[in-house]
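The following block contains the structure, expressed as structure tokens.
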Amino acid sequence: MTKLAVKDLTYHHCGPVNFEVDSGECISVSGASGSGKSLLLRSLADLDDHGGDVMLDKINMKDVPANEWRLKVALLPAESQWWFDTVGEHFSVVDHALLELFGFPDNVMSWSISRMSSGEKQRLALLRLLINQPDVLLLDEPTANLDKNNTLMFEQIIKQYLQQHKACVIWVSHDAKQLERMCQQHFEIKNGQLSRC
């Protein structure tokens with residue numbers, strides 16, 4: 001059973017932060033713009049300098065190479081990153097069942113990145129993340145560029161992934177109704193401190 005435990009995490013001008021996320025659980029993190037929500041996720045993904053301990057089950061982040069940690073604790077930023085010209089160049093494995101679930105045809109792998117909408121890019125970025133079967137999903141305003149139908153599809157995919165893989169999710173969003181739909185625990189960052197709502 002997956003559990004993420006954060007102990008005395010300090011980053012930027014925030015902390016110490018303490019919380020736990022159990023297997024199959026989704027928690028929300030809200031707060032004003034600039035309060036440190038995205039920086040919290042980046043610290044949990046070992047992308048930024050931080051203090052304290054982050055444990056995945058009994059494994060400490062400090063004991064794992066950063067690239068290996070990010071396969072298990074995966075961050076989906078608000079604006080996904082693409083390095084090559086076509087979609088297929090970003091995938092080492094193609095899961096046709098997942099493609100269909102996400103509403104994409106098989107030939108999506110030949111699509112040009114430059115011609116895709118921001119919503120298509122974001123859905124494909126989630127697909128790219130899930131293929132690695134991470135234990136923890138760090139979602140930073142993941143549906144900000146999606147319309148209502150695609151937002152609901154995205155949410156349903158996350159729910160299914162949680163159930164099937166017993167993963168954990170930390171979801172940052174300004175959409176209070178979305179967080180009510182998706183999350184069991186709610187936290188807020190204010191004045192550098194994380195507190196339960």
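The values are calculated or read from the model by the stated rules, or taken from the named source; none is laboratory data. As the structure is a prediction and not an experimental result, all values here were calculated from the model. Here the Cβ positions follow ideal geometry from the backbone for every residue, glycine too, while neighbour counts run over all protein chains shown.
Looking at ARG196, ARG123, which one is of a type in the set (D, E, K, R) and surrounded by 15 or more Cβ atoms within 10 Å (Cβ to Cβ)?
Within the list ARG196, ARG123, the selection yields ARG123.
Something else about it: Pick from VAL64, VAL93: which is of a type in the set (Val, Ile, Thr) and under 25 Å from LYS3 (Cα atoms)?
Exactly one of VAL64, VAL93 is of a type in the set (Val, Ile, Thr) and under 25 Å from LYS3 (Cα atoms), namely VAL64.
While we're on this one: Which pairs have Cβ atoms under 6 Å, sit 6 or more apart or on different chains, and link a residue in region 34-62 that is closer than 19 Å to ALA74 by Cβ to one that is among the hydrophobic types (A, V, I, L, M, F, W, C) and exposed (fewer than 14 other Cβ atoms within 10 Å of the Cβ)?
Every condition considered, the pairs that remain are ASP46/ALA66.
With closer than 20 Å to LEU129 by Cα and not aliphatic (A, V, I, L, M) as the only criterion, which of HIS50, HIS12, HIS90 stands out?
Answer to the selection: HIS90.
Something else about it: Which ones in region 155-186 are touching a residue at least 60 places away in the same chain (Cβ under 8 Å) and of a type in the set (D, E, K, R)?
Answer for region 155-186, where residues must be touching a residue at least 60 places away in the same chain (Cβ under 8 Å) and of a type in the set (D, E, K, R): just LYS166.
Being in a helix (DSSP H, G or I) and among the hydroxyl-bearing types (Ser, Thr, Tyr) is the filter; apply it to region 128-185 and report the residue that is nearest to the chain's Cα centre (by Cα).
TYR161
Now for a separate question. Of all the residues that make up region 11-52, how many are buried (at least 21 other Cβ atoms within 10 Å of the Cβ) and basic (Lys, Arg)?
Going through region 11-52 one residue at a time, the tally reaches 1.
Also, I was wondering about something else. Cβ contacts < 8 Å: first residue within 21 Å of MET153 (Cα to Cα), restricted to region 86-98; second residue in a helix (DSSP H, G or I) and hydroxyl-bearing (Ser, Thr, Tyr), any location; separation 6+ or different chain. Result?
Matching pairs, first to second residue: VAL87/SER110.
Which residues, counting only those in region 170-197, are more than 18 Å from GLY34 (Cα to Cα) and of a type in the set (Asp, Glu)?
GLU180
While we're here: Take ILE189 and tell me if it is closer than 20 Å to LYS3 by Cα, touching a residue at least 12 places away in the same chain (Cβ under 8 Å) and out of contact with any strand residue (DSSP E or B) (no Cβ under 6 Å at 6 or more places or on another chain).
When the stated conditions are applied, ILE189 does not pass them.
Show me the strands (runs of 3 or more DSSP E) found entirely inside region 1-66 where at least 3 residues are among the aliphatic types (A, V, I, L, M).
3-11, 51-56
Which residues, taken from region 63-75, are of a type in the set (A, V, I, L, M) and either touching a residue at least 24 places away in the same chain (Cβ under 8 Å) or under 19 Å from LYS166 (Cβ atoms) (or both)?
Scanning region 63-75 gives LEU71, VAL73, ALA74, LEU75.
Answer yes or no as to whether MET55 is surrounded by fewer than 18 Cβ atoms within 10 Å (Cβ to Cβ), of a type in the set (A, V, I, L, M) and at pLDDT 95 or above.
In short, yes.
Mind checking which residues of region 58-91 are among the polar types (S, T, N, Q) and either under 16 Å from the mean Cα position of the chain (by Cα) or modelled with pLDDT under 95 (or both)?
Scanning region 58-91 gives ASN67, SER80, GLN81.
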